[in-house]
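**Student:** A single structure is presented below for examination.
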């Protein structure tokens, strides 16, 4: 799982600096930097706080962080496509399609 990269991607998508995300989530800038570099593993409570500050559901953040080996029944291109689609929907650059 690459949670640090997922947090960094969502942070940039939201147009937030590390300082601003740290302030909004109650995490120190240095700790957030280490999390984004995957040098520190955040607690669940910390990830929840970060996901709230990012206005991104925790489940979405965890899915974006998933790596191919963690979901062996899904092809890598499917995982990439779903992750990209989720990020585009969050960013508003992709229009939602009706399932009907």
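**Student:** Keeping to the stretch 40-72, report how many residues are free of Cβ contacts under 8 Å to residues at least 40 places away in the same chain, part of a loop (DSSP other than H, G, I, E, B) and under 22 Å from residue 88 (Cβ atoms).
**Tutor:** 2
**Student:** Taking the stretch 26-38 as the search range and keeping residues that are part of a helix (DSSP H, G or I) and either touching a helix residue (DSSP H, G or I) at 6+ places or on another chain (Cβ under 8 Å) or at pLDDT below 95 (or both), which one is surrounded by the most Cβ atoms within 10 Å (Cβ to Cβ)?
**Tutor:** Restricting to residues being part of a helix (DSSP H, G or I) and either touching a helix residue (DSSP H, G or I) at 6+ places or on another chain (Cβ under 8 Å) or at pLDDT below 95 (or both), the top hit is 32.
Residues are listed down the side, and each one gets a yes or a no for (1) closer than 18 Å to residue 63 by Cβ; (2) surrounded by fewer than 15 Cβ atoms within 10 Å (Cβ to Cβ); (3) within 13 Å of the chain's Cα centre (by Cα):
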site: 17; (1), (2), (3): no, yes, no
site: 20; (1), (2), (3): no, yes, no
site: 24; (1), (2), (3): no, no, no
site: 44; (1), (2), (3): yes, yes, no
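**Student:** Same structure, new question: When the stretch 54-82 is examined, which residues are found to be surrounded by 12 or more Cβ atoms within 10 Å (Cβ to Cβ) and within 15 Å of residue 11 (Cα to Cα)?
**Tutor:** 54, 56, 57, 58, 60, 61, 62, 64, 65
The values are calculated or read from the model by the stated rules, or taken from the named source; none is laboratory data. This is a predicted model, so every value here is computed, not measured. For neighbour counting, all protein chains shown are included, and Cβ atoms are generated from backbone atoms with ideal geometry for every residue, glycine included.
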